[in-house]
1. Give the long-range amide H neighbours of Gly154: residues separated by 5 or more places, or on another chain, with amide H under 5 Å away, using H modelled in the peptide plane at 1.01 Å from N.
2. Relative to the first principal axis of the alpha-carbon coordinates of the chain, what is the inclination of helix 85-97, with its axis defined by its Cα atoms, in degrees from 0 to 90 and to the nearest 10?
3. Towards the positive end of the charge dipole of segment 394-457, with charges on Cβ (+1 Lys, Arg; -1 Asp, Glu), say which of Gln453, Ile409, Met437 has the farthest Cα.
4. Taking amide H positions as placed in the peptide plane 1.01 Å from N, state which residues far from Val268 in sequence (5 or more) or on other chains have amide H under 5 Å from it.
5. When the Karplus curve 6.51 cos²θ - 1.76 cosθ + 1.60 is applied with θ = phi - 60°, which whole-Hz ³J(HN,Hα) does each residue of segment 212-222 get, with x for Gly and Pro?
6. Under the classification rounded if a/c is under 1.5, otherwise prolate if a/b is larger than b/c and oblate if not, where does segment 391-447 fall, given a ≥ b ≥ c as square roots of the Cα gyration tensor eigenvalues?
7. Please determine, in degrees from 0 to 90 and to the nearest 10, the orientation of helix 368-379 with respect to the longest principal axis defined by the Cα atoms of the chain, where the helix direction is its Cα long axis.
8. For segment 173-246, which whole percent of the accessible surface, found with a 1.4 angstrom probe, sits on carbon and sulfur atoms?
Amino acid sequence: GSNSMWGGRFAAGPASIMREINASIPFDKRLWKQDIAGSKAHVAMLAKQGIVDGEDAQAITEGLNRIAAEYEADGVPVDLDLEDIHMVTESRLAQLIGPTAGRLHTARSRNDQVATDFRLWVRDAIDEVQAGLIGLQRALLARADENADAVMPGFTHLQSAQPVTLGHHLMAYYEMVRRDRSRFADARARADECPLGAAALAGTGFPIDRHATAAALGFAKPTDNSLDSVSDRDFALDYLMAATQASLHLSRLAEEFIIWASQPFGFVKLPDAYSTGSSIMPQKRNPDAAELVRGHAGRIMGCMNALCVTMKGLPLAYSKDMQDDKPPVFEAHDLLALSIAAMTGMIETVTFRTDRMRGLAESGFATATDLADWLVREGGIPFREAHHITGRAVAAAEAAGVPLDQLPIATLQGIDARIDDRVYAVLTVDASVASRMSHGGTAPMQVRARIAQAQEELGS
Ligand code: ARG
């Protein structure tokens, strides 16, 4: 038969393929709480405005409460004929309270309804992500604090460059996550407008109160253009773009853990709880969780791209293409939540092999810049010339197979007579990091100051 919700002018029901391609209930059932909250706010407003009488509104509200209890207990029934969560719920309401159920959809369309539900959902999703990111920041701070003095090689081009501290390195990720949180906060602020009451696309002739529904649903205000209200998915894209960037950071951290866990590096021992063994090579301990975080970032970026491409050619206002907005957001959200949790767990429990890090920092001539800087400072030598002298010292150390701070003074003076034994004070890795006192530098004092400030930012 034809559809009970919109079948008035249709003689025949849909082909089975149509039923299947048309239905969003298999995934948009995830919006059920938001859908019921939106309907309750709407019907309360209709009653207050005298558009629906009080008794009918009460019957509708009670019916919606009962449906919510049913969904909570048994899940949402997936009936492809009923297409989406809005119609599944309305049809159940009609079973429960009869034709009065039909008054709920007065001055409303599924177009503003779904836009409202989805915004509510994204808002909650952002709150959940923010809580996860705060947990990740706390974990980073705790490990950075423990390792504020732990010297490791700092890299550029993945070549040993200058010594840094592990605390400083971890705090770099704290800063990334801080920006991620700010992007999610921006996304939430822009999502905080209520499309309900835009109706199908043009607004409605009923004397509705959009400020009341917006307030009842906890939105800052109603949206200001009915066409934009039902055709806008920026809030979903904002979410996906923020998720993309957050996942990109998680992926870089995961990548570092993967490299650091490799035998040639040996900087970390990943926790058993986040590793797997090999079914054939008994010595193996694979960084699977980190690899999956790296992999998931690719999928999250794919979700962002999918919705961009869905939206980019759509004329105003609603088109059914927009029903495809939800799967990528749901998928990205699930992947992101898992990735944040996995990286937080790894940060909390990873073993840093700080002796090995220090050993490598000491063996890579990583204090060469300190020697050059000393020549500039103490010898008044132009930096370019100091660079050249230092290059010869590095070559001598390499030939002798010793670190820079173990070159005899005679050798150093043979390279440049202006060098004296005060230079040894700057050639150790500890002296090197301690000297990097510029704002944002790796000196343990600077790093600890930033950690203290960050703890305040987090309110801990
Ligand atoms: N299931 C639809 C979606 O998710 C709801 C809106 C349908 N509106 C319409 N005019 N067909 O986008």
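The values are calculated or read from the model by the stated rules, or taken from the named source; none is laboratory data. Quick caveat, the model's predicted, so the values are computed rather than measured. Reconstructed Cβ throughout: ideal geometry from the backbone, glycine too, with neighbour counts over all protein chains shown. Accessible surface is based on the protein model in full, side chains and every heavy atom, while ligands, DNA and RNA are left aside. Shrake-Rupley method; radii C 1.70, N 1.55, O 1.52, S 1.80 Å.
1. Ala161, Gln162, Val164
2. Roughly 40 degrees between the two axes.
3. The residue sitting most towards the positive pole is Gln453.
4. Residues meeting the criterion, in which the H sits 1.01 Å from N, are Ala261, Arg353.
5. 5, 5, 4, 5, 4, 8, x, 8, 5, 6, x
6. Prolate shape, in that a/c is at least 1.5 and a/b is the bigger ratio.
7. Approximately 60 degrees, to the nearest ten.
8. Carbon plus sulfur share of accessible area: 51 percent.
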